[in-house]
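Inspection log for the structure reproduced underneath, given as C-alpha cells.
The values are calculated or read from the model by the stated rules, or taken from the named source; none is laboratory data. Predicted, not measured: the structure shown is a model, and the values here were computed from it. Cβ coordinates were reconstructed from backbone atoms using ideal geometry, including for glycine residues, and neighbour counts include every protein chain displayed. Remember, those area values only see protein heavy atoms, side chains included, never the ligands or the DNA or RNA. Shrake-Rupley method; radii C 1.70, N 1.55, O 1.52, S 1.80 Å.
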Amino acid sequence: MAERKVLNKYFPPDFDPELISRRRHPKNSQQVVRLMAPFSMRCNTCGEYIYKGKKFNARKETVEGEDYLGIKIFRFYIKCTLCSAEITFKTDPKNTDYNAEHGASRNFEPWRDEKAEEEDRLAKLEEEENNPMKVLENKTVDSKREMDILDALQDIRARNARNERVGHSNDLLSRLALEEVENDEDAERRRLEEEDEKLVEEVFSKVPMAGASPVTVKRKADDKEPPAHTLLSSSTRALIASTASSVPVVKKRKTEGKNSLGIKLVKKNKVQAS
C-alpha cells in the first residue's frame with residue numbers, strides 16, 4: 001500500500017516543461033465548490049425554508065463589470081432542497097455580507113434596519129432645524145420615553161427581588177422540613193435500639209444459671225481479658241472441684257506379655273558377665 005501513495009513523480013533527463021502547452025480556460029468559467037448557505041432564505045418557487053449553514057454543492061463564477069474598490073464580486077448557484085429550483089446570491093464586500101439575487105428571498109437583512117434608523121434620524125434633524133417647537137416636542141417625547149423605561153426597569157427589579165425572597169423562604173422551609181424528618185428518623189432509630197436492648201435483657205434474664213449467680217465481665221483499661229477461672233464465684237469453683245473429685249479415675253489395664261498384635265512376649269533373663 002505504501003507504493004500507491006508516492007507523491008514524487010519520475011521526470012526523465014530530457015524533460016522540458018516549456019514543451020507542455022498550458023490549458024486554456026474560458027474567461028468566465030464556473031467552478032464547483034462546496035459551501036454553506038450564508039444566510040437563511042425562503043425559496044420563491046415552493047416556499048421551502050433554507051436555513052443558514054445548510055451545505056450545498058454550488059457553482060462559482062466571477063461577476064463581470066462589478067467590483068468594490070478593486071475587490072472582485074463572486075456569484076454562487078445552488079438548488080432548492082425541495083423543488084431543485086436554481087437560487088443565486090452574490091458576495092457584498094461593502095457590508096461584508098451576501099446579497100440574495102434570484103430564486104429566493106432573504107428572511108432578515110440587518111442593514112435595512114440600520115438604514116431606516118439613519119433615514120429617520122436625518123429627517124428628524126432637518127425638521128428640527130426649521131421648526132423650534134418641534135425640538136421641544138421631541139425632547140418631551142424623549143424624556144417621557146426615558147421615564148417609562150426607568151419605571152419598567154424598577155418594576156422588573158422589584159419583581160426579581162420578590163421572587164428572590166420567595167425562593168429564599170422556600171429554601172428555608174424545605175431545609176426545616178428536612179431537619180424535622182432527620183430528627184424523626186433519629187428518634188425512631190433510638191426507640192428501636194432501646195426495644196432491642198430490653199428484649200435481649202428479658203431473654204437472658206430467663207436463662208437459668210447452674211447453681212451460681214450471673215457472671216459480670218469487667219474489662220480493664222488495658223483491654224486484657226482476665227482468665228476464665230477468675231470470673232467464677234467461690235461457690236461455683238467449690239462445686240466444680242467436688243464434682244471433679246467424685247468422678248472415679250479409670251486406669252487402663254496393661255496387658256503384660258502381649259504387644260499390639262496379641263503376640264505373647266517372653267522375657268529373657270539377663271546374662272551376667274562373668
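Taken about its Cα centre, region 31-108 carries a charge dipole of about 360 debye when Lys and Arg each add +1 at the Cβ and Asp and Glu each add -1 at the Cβ.
Placing a label point 7 Å from the Cα of D97 along the Cα-to-Cβ direction, the residues of region 31-56 whose backbone N falls under 13 Å of that point are 38-41. Here's the list of aspartates and glutamates a cross-link from K198 could span, going by alpha-carbon distance under 17 Å and ignoring same-chain residues fewer than 8 apart: E188. Phi angles of region 135-142 translate, via the Karplus equation with coefficients 6.51, -1.76, 1.60 and θ = phi - 60°, into HN-Hα couplings of 4, 5, 5, 5, 5, 5, 5, 5 Hz per residue; Gly and Pro are given as x. Distance from the C-alpha centroid of region 117-131 to that of region 10-48: 50 Å, rounded to the whole angstrom. Sorting D97, D120, D186 on solvent-accessible area from highest to lowest, probe radius 1.4 Å, gives D120, D186, D97. Here region 68-195 is treated as an ellipsoid with the same Cα gyration tensor; its semi-axes, largest first and in whole Å, are 62, 36, 11. For region 31-108, lysine pairs separated by 8 or more sequence positions, or belonging to different chains, with Cα-Cα distances below 15 Å total 9.
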